[in-house]
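The next block holds one structure in the form of structure tokens; read it before the comments.
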Amino acid sequence: MLDANHYSSPLLKTAHDVETWHPDLEILVRYDIPFVCLDRAESTLHVSPGATALLAQHEDTHLMLERFREAARAAFAADEAPRTLATPRVITRVTDPIDGSHWAVHTVRTRHEWPIAIVVREGIQMANRETILRERLSERERQVATMVAAGAPGKKIAEALSITYHTARRHTEHVYRKLGVRSRVELTRALMQQGVAH
């Protein structure tokens with residue numbers, strides 16, 4: 001088991017500005033959802049306080065972090081693979097041997113275009129998903145996201161919402177960026193996971 005002094009070790013470090021890296025991270029920080037960030041070199045960039053507390057329950061924190069690194073390696077590889085079909089945002093999962101819970105792993109690009117892997121404790125993330133979606137997207141973006149997921153083309157969205165075609169495109173781009181999706185299929189899946197699209 002880790003003692004309180006171990007929390008400040010380089011193994012479990014904290015980045016003070018992590019919430020500014022990506023919209024996903026801002027939400028995770030705001031709602032105290034346990035998460036870990038790793039870079040492409042599999043270095044641990046950030047361990048949230050909640051993740052630190054959960055990892056402290058493990059006799060061998062190094063072993064759990066190594067599992068996260070292996071999952072991040074697989075996520076980065078999957079993200080680089082040629083895509084014929086859209087893949088889900090959650091690329092892989094790590095099972096916590098203590099309680100059988102899962103940590104979901106997906107990759108994003110930060111505002112500086114750095115690829116990072118985010119490892120999120122799943123049960124806690126799902127409990128907050130509707131609130132997270134409300135916080136992440138504006139009302140207009142939610143309307144556009146729902147219409148895009150339903151298959152509406154840009155012109156139809158613009159007409160239905162009484163906005164220009166270019167504004168509809170801009171909202172769609174913002175939705176894709178904020179939700180970390182790259183296609184209509186991924187958007188639909190993300191909305192379904194968050195209880196919006198059916």
(message) I'd like to verify a number: residues in the stretch 177-187 that are part of a helix (DSSP H, G or I) and touching a helix residue (DSSP H, G or I) at 6+ places or on another chain (Cβ under 7 Å), how many?
(response) 4
(message) Quick check on this structure: which one of Thr167, Thr146 is modelled with pLDDT of 90 or more and either acidic (Asp, Glu) or surrounded by 14 or more Cβ atoms within 10 Å (Cβ to Cβ) (or both)?
(response) Thr167
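Return the total of residues in the stretch 93-119 being among the hydroxyl-bearing types (Ser, Thr, Tyr) and at pLDDT below 85.
Count: 1.
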(message) Just to verify a result, which residue in the stretch 15-31, among those that are farther than 20 Å from Tyr176 by Cβ and touching a strand residue (DSSP E or B) at 6+ places or on another chain (Cβ under 6 Å), is surrounded by the most Cβ atoms within 10 Å (Cβ to Cβ)?
(response) Val18
(request) Working only within the stretch 18-46, note down all residues that are in a helix (DSSP H, G or I), of a type in the set (A, V, I, L, M, F, W, C) and farther than 15 Å from Ala117 by Cβ. (result) Ile27, Val29
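The values are calculated or read from the model by the stated rules, or taken from the named source; none is laboratory data. Everything quoted here is computed from the prediction, not taken from an experiment. Ideal geometry is used to build each Cβ from the backbone, glycine not excepted, and the neighbour counts take in all protein chains shown.
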